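Notes follow once the structure below has been shown.
Any read-out appearing in this document is the output of simple, stated calculations on the displayed coordinates, not a laboratory observation. Just so it is clear, the structure is predicted and the values come from calculations on it, not from any experiment. FYI the Cβ positions are ideal-geometry reconstructions off the backbone, even for glycines, and counts take in every protein chain you see.
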Amino acid sequence: MQVPYERDDVLLRRAAKGEEAAFTELYRRHQASLYRYTLRMTGSPWSAEEIVQDVFMTLIRQPKKYDANKGEVGAFLFGITRNRVMKHLERSPREVSLDDENQPLSGKEPADLLTPAFWAERRERVEQIRDAVLSLPPEFREAVVLCELEELSYEEAAAKSGCPIGTIRSRLHRGRALLMARLELFRGVQRRASTGD
Amino acid sequence: MNCEEFQSIGLDVGTRRITPEEQAEAATHASTCAKCAALADSWDAARGELAVFADATRSAEAPARVQMRLLQELRAQKRPHLVYRRGGVIAAWGLAAAAAIVAIVSWQSWHSKEKPPQTRINLPAVNVSLEQSSAAEAVLIADEDTGNFTPLPGALPIDSDTGAVYEVRMQRASLGALGLPVNEEGASDWINVDLLVADDGTPQGVRLHEDASQSAPVQ
């Protein structure tokens, strides 16, 4: 039997009345994308967890903050998440704890093990890329995350960031340039290390 | 396509963001411009790196404990509502009961003022006559002389041993309070009457003195 699909705003109304099933469904629909965005922006699983939890807490405590005339629930949640992320980055621009370094970014262990050396190398590369992304200024980083990692169109990225398409293109252009320089630097270090220079 | 245009859209080659025609133009330009070709190569390498990073985080989800905490919060938010609602219902019933009690007590109080006690209803003549004759002088004439008394309306035949006769000076209008008809012309006249009173204090009969009966006889 097919379960009828309910719109997010309907689920939110039901969740506001305390219906756990409705809230759970709403949470399952949106938590992953919000968590991914937060994780890629902060580089910290702990921060991402805290922020996502905070966003849904806001939804539980103040469901009337959502105005259906202003957009969909997903956009509303993303807006709150983005604000929390930006505040987090302002407060601690480069706060990556040692514990975070040992956390797998996906939050899950690899399912298939090729060789320990492969995973060690891959993990090192991922950490270097993460560091390169995190080294970008927040606005450029956001453009890279939305357009390159989330693979959104310019229109979608502009809507999510709340800025014109031209601004997103400009930020992405500068973000790419900085990222290429940073990654080139990493590759240069690796080349020198491998050749022994 | 020139170098400036290539820097603007050339790095979007291989994505949905530019049209196939623009992709073809960018590829043509890169094949003729070494600087732009180097930029494209550098970006291809960076994009490959980013793809690795994207893959590493593609399946990332908030840990299950977040959902558990949120559901706990949802239950905690729901509970006060129920408590408040239950408290509200109890308070409403309490107020309603209190209002009903106050209404009943008020009504009974008002009703008792509207209707004087039964004993007072039965004795209007006595009260009125005694009040109106309070200024008058009452003199006990005899305990046994009960002859020639006009019985008051509703009075029972009285035994002469139990009754008492008082001489009372009163206004003629007071006879009306005892249930006797009074001529309005002499209603304010002062007269002397003998009042036959039973042991319980209720007047049973009245006897006018001769002078009073001559001046304004009881009709």
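Extending 7 Å from the Cα toward the beta-carbon at both residue B:21 and residue B:110 defines two label points whose distance is 9.0 nm. With coordinates expressed along the principal axes, the C-alpha atoms belonging to segment B:3-58 extend over 36, 22, 15 Å, beginning with the largest. In segment B:3-58, Cα pairs under 8 Å separated by at least six residues give a relative contact order of 32 percent. The phi torsions of segment B:15-31, fed into the Karplus equation with coefficients 6.51, -1.76 and 1.60 and a -60° offset, translate into couplings of 10, 7, 6, 10, 6, x, 5, 5, 5, 5, 5, 5, 5, 4, 5, 5, 6 Hz, rounded to whole numbers, with Gly and Pro shown as x.
Annotation for segment A:1-55: trypsin sites (Lys or Arg not before Pro) lying in DSSP loop with at most 14 further Cβ atoms inside 10 Å of their Cβ are A:7, A:17. Once the Cβ-Cβ distance between residue A:28 and residue A:131 is put in as r, and R0 is 41 Å, what FRET efficiency do you end up with, to the nearest 0.05? That gives a FRET efficiency of 0.85. Label point of residue A:7 set 7 angstrom out along Cα-Cβ; within segment A:58-89, amide nitrogens under 12 Å from it belong to A:68-73.
With both labels modelled 7 Å from their Cα along Cα-to-Cβ, the residue A:170 to residue B:65 distance reads 4.3 nm. The modelled label-to-label distance for the pair residue B:192/residue A:187, using points 7 Å beyond Cα in the direction of Cβ, is 14.6 nm.
Hey, got a sec? Which trypsin sites (Lys or Arg not before Pro) in segment B:1-102 land in a DSSP loop and have at most 16 other Cβ atoms within 10 Å? Spell out each step's value before the answer.
Working: sites: B:16, B:17, B:35, B:47, B:58, B:65, B:69, B:75, B:78, B:85, B:86; in loops: B:16, B:17.
Answer by residue number: B:16.
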